[in-house]
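Worksheet for the structure shown next.
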Amino acid sequence: MLKTLTTDFELDLQADILVIGGGPAGTWAAWSAASSGARVILIDKGYCGTTGCAAASGNGVWYVPPDAEARETAKASRESLGGFLSDRHWMDRVLNQTYINVNQLAEWGYPFPTDDEGKPYRRSLQGPEYMRLMRRQIQRVGVKILDHSPALELLVDEDGAVGGATGVNRQTGGRWMVRSRATIIATGGCAFLSKALGCNVLTGDGYLMAAEAGAEMSGMEFSNAYGISPAFSSVTKTLFYNWATFTYEDGTVIPGAGSQRGRSVIAKTLLQQPVYAILDKASESMRPSMRLAQPNFFLPFDRAGIDPFTQRFPVTLRLEGTVRGTGGIRIVDDSCATSVRGLYAAGDAATRELICGGFTGGGSHNAAWAISSGYWSGKSAAEYVHSLKEQKAQPHLKSVGEVGLKSQSDRHYKFATDEVIQAVQAEVFPYEKNLFRTEQGLTESLARLNHLWQEIRSSQVTSNQEQIRAREAAAMVATARWMYSSAIERKETRGMHKHLDYPEQDPNQQHYLVSGGLDRVWVKTQPLNTTEKRLSKIGAAV
Ligand SMILES: Cc1cc2nc3c(=O)[nH]c(=O)nc-3n(C[C@H](O)[C@H](O)[C@H](O)COP(=O)(O)OP(=O)(O)OC[C@H]3O[C@@H](n4cnc5c(N)ncnc54)[C@H](O)[C@@H]3O)c2cc1C
């Protein structure tokens with residue numbers, strides 16, 4: 001439904017391009033757009049440079065020098081795990097662009113360490129340094145940043161093209177509006193407020209906003225990534241568990257828990273009893289460098305007085321949803337355009353099936369995708385804006401957001417935000433519902449989620465500040481419905497989608513599942529290799 005804009009905006013700004021989200025994807029998008037001559041505004045829910053999941057972590061990056069054999073190994077590494085849904089054309093592009101852009105970071109002064117042979121080691125980025133540098137770089141090229149200003153809904157013109165967004169400033173409570181000729185959604189994934197490290201700003205807002213403007217999702221069944229964390233903390237950094245032994249309470253080793261598919265073993269065990277870990281496979285000589293590499297991994301242990309190398313500690317699995325899953329907004333060509341004119345998607349907000357199929361993009365691919373898709377979306381959006389005719393008059397914009405916004409006067413109930421959040425979490429957190437999926441479980445969950453959607457649809461929100469949380473809650477309900485609707489359609493086990501009723505991978509289902517819709521959710525299949533057009537003119541150059 002289109003709504004006429006009110007005029008009570010504290011800020012009313014204009015730009016060529018609006019970037020929503022200031023993580024790696026958003027900042028690379030803003031940088032490439034501004035470097036192409038566009039006037040760019042970037043808005044973030046938090047403080048750009050410190051918010052989102054990359055800022056809080058060490059980021060392994062899919063950085064592979066242009067050596068044919070090394071690139072071939074890199075491409076093959078997750079093809080089978082991802083259920084053969086990835087696309088080598090996209091892998092090649094991402095490997096090329098990531099290599100160029102990471103080298104650009106070195107030129108900007110990112111302090112890459114050197115390896116044993118004195119060569120720079122560029123396969124990992126420390127979140128705080130990386131994102132501080134990205135904030136500086138986008139300011140240098142003239143990007144205007146609005147911090148603490150979550151976007152709540154998109155604006156569209158008479159032809160349905162996206163023309164900006166509106167939102168609320170968290171600090172003043174006032175509303176802002178940015179009119180733009182292209183908009184890039186880089187709002188990250190959805191981790192359902194599970195408190196996984198850096199993820200509590202990632203509530204699927206971008207999916208909801210994009211869907212309201214008519215965009216589609218893809219791969220939403222690949223949305224059940226869980227990160228290991230100590231049971232007493234929310235730090236879901238998982239690299240060092242490669243050196244862990246997992247045991248039952250009595251100290252007996254849990255068979256298979258340390259393998260590549262060990263999450264399922266851990267989850268199955270957690271359904272019955274506690275699981276413990278100890279990092280006893282890390283040699284004495286490695287331990288100091290591990291502390292240096294990921295200091296915040298050790299913080300919860302230091303606080304609890306536990307030495308994780310010599311003492312066992314209880315672990316749990318926290319939902320990271322689509323953050324380290326691969327589903328997201330469907331992009332239709334090499335430019336990272338969505339199916340809606342003027343709207344682009346990048347980073348975790350977009351599907352990552354193209355480079356890692358249905359298996360997690362964490363550990364390397366996601367970081368590379370954020371860099372590359374961010375860069376391409378910014379450059380393409382700038383080219384798109386440049387191609388448009390000079391505007392004679394201000395386009396007539398309307399807002400398209402509905403659920404969780406306060407403008408509808410005919411709603412009867414107060415939006416019970418906390419209850420809604422708990423209700424959606426009750427459907428997506430439990431391993432027995434989301435990790436070990438069954439036809440019956442998915443159908444029952446979906447029925448409850450559909451009912452929840454109907455309830456919030458007729459609920460009233462009264463203040464600007466309340467809208468922020470209500471929109472997050474609505475986005476989570478919408479995301480969960482696309483997830484489970486897609487999961488029901490994928491009647492097989494592929495990538496991270498484990499279906500207990502269909503435990504085998506079915507060669508007849510080697511396709512994507514595209515989903516969308518709000519009141520009525522739909523899912524359809526899409527064959528591989530059908531990104532509608534490949535824009536070869538978008539070169540891999542910084
Ligand atoms: C603990 C952990 C470790 C990880 N380690 C790795 C790794 O080693 N290698 C790897 O490849 N990947 C890793 N990942 C995944 C990786 O961090 C993400 O893929 C990457 O950060 C995606 O970048 P992004 O810019 O799309 O999203 P994010 O970095 O999450 O940024 C999204 C931004 O959008 C903002 N935002 C959200 N909603 C709104 C809104 N409504 N309005 C305005 N702004 C909004 C947020 O505040 C945030 O700044 C890890 C993830 C986690 C959780």
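The figures follow:
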{"read-out": "Residue list for segment 225-259, filter: touching a residue at least 60 places away in the same chain (Cβ under 8 Å), part of a strand (DSSP E or B) and of a type in the set (Ser, Thr, Tyr)", "value": "226, 229, 247"}
{"read-out": "Failed item in (1) part of a loop (DSSP other than H, G, I, E, B); (2) surrounded by fewer than 23 Cβ atoms within 10 Å (Cβ to Cβ); (3) away from the ligand (no atom under 14 Å from the Cβ), with residue 139 passing the rest", "value": "(1)"}
{"read-out": "Yes/no for residue 111 being of a type outside the set (S, T, N, Q), out of contact with any Cys (no Cβ under 9 Å at 6 or more places or on another chain) and more than 22 Å from residue 350 (Cα to Cα)", "value": "yes"}
{"read-out": "Qualifying residue in segment 463-486 (condition: part of a loop (DSSP other than H, G, I, E, B), over 27 Å from residue 81 (Cβ atoms) and at pLDDT below 95)", "value": "yes"}
{"read-out": "Verdict on residue 98 being in contact with a strand residue (DSSP E or B) (Cβ under 9 Å, 6 or more places away or on another chain), within 15 Å of the ligand (Cβ to nearest atom) and not in a loop (DSSP other than H, G, I, E, B)", "value": "no"}
{"read-out": "Number of positions in segment 94-115 that are within 20 Å of residue 332 (Cα to Cα) and modelled with pLDDT under 95", "value": "0"}
{"read-out": "Within segment 399-439, considering residues that are part of a helix (DSSP H, G or I) and free of Cβ contacts under 8 Å to residues at least 24 places away in the same chain, the one surrounded by the fewest Cβ atoms within 10 Å (Cβ to Cβ)", "value": "418"}
{"read-out": "Residue pairs meeting the criteria (Cβ under 8 Å; at least 6 apart or on separate chains; first within 15 Å of residue 230 (Cα to Cα), in segment 270-292; second small (Gly, Ala, Ser))", "value": "274/231; 275/257; 276/251; 277/244; 278/244; 279/244"}
{"read-out": "Residue ID - nearest to the ligand (Cβ to nearest atom), chosen from residues in segment 166-224 that are in a loop (DSSP other than H, G, I, E, B), within 28 Å of residue 522 (Cα to Cα) and among the hydroxyl-bearing types (Ser, Thr, Tyr)", "value": "187"}
{"read-out": "Some residue of segment 420-430 being of a type in the set (Phe, Trp, Tyr) and more than 30 Å from residue 525 (Cα to Cα)", "value": "no"}
{"read-out": "Where residue 445 falls short, out of the listed (1) under 28 Å from residue 171 (Cα atoms); (2) in contact with a Lys or Arg (Cβ under 8 Å, 6 or more places away or on another chain); (3) free of Cβ contacts under 8 Å to residues at least 60 places away in the same chain", "value": "(1)"}
{"read-out": "Criterion: surrounded by fewer than 24 Cβ atoms within 10 Å (Cβ to Cβ), closer than 21 Å to residue 350 by Cα and not β-branched (Val, Ile, Thr) - qualifying residue of 151, 161", "value": "161"}
{"read-out": "Any hit, segment 184-205, residues being out of contact with any Phe, Trp or Tyr (no Cβ under 8 Å at 6 or more places or on another chain), under 20 Å from residue 473 (Cα atoms) and free of Cβ contacts under 8 Å to residues at least 60 places away in the same chain", "value": "yes"}
{"read-out": "Residue, nearest to residue 331 (Cα to Cα), within segment 73-93, restricted to residues that are within 16 Å of the ligand (Cβ to nearest atom) and without any contact (Cβ under 8 Å) to a residue 24 or more places away in the chain", "value": "75"}
{"read-out": "Residues within segment 260-275 that are under 29 Å from the mean Cα position of the chain (by Cα) and not in a helix (DSSP H, G or I), tallied", "value": "4"}
{"read-out": "Residue 271 being touching a helix residue (DSSP H, G or I) at 6+ places or on another chain (Cβ under 9 Å) and closer than 22 Å to residue 429 by Cα", "value": "yes"}
{"read-out": "Residue in segment 507-520 that is over 25 Å from residue 326 (Cβ atoms) and touching a residue at least 12 places away in the same chain (Cβ under 8 Å) present", "value": "yes"}
{"read-out": "Search result, residues across segment 257-270 that are surrounded by 15 or more Cβ atoms within 10 Å (Cβ to Cβ) and more than 16 Å from the ligand (Cβ to nearest atom)", "value": "257, 258, 262, 264, 265, 266, 267, 268, 269, 270"}
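The values are calculated or read from the model by the stated rules, or taken from the named source; none is laboratory data. Values in this document were obtained by computation on a predicted structure and should not be read as measured data. All Cβ positions, glycine included, derive from the backbone under ideal geometry; neighbour counts span all protein chains shown.
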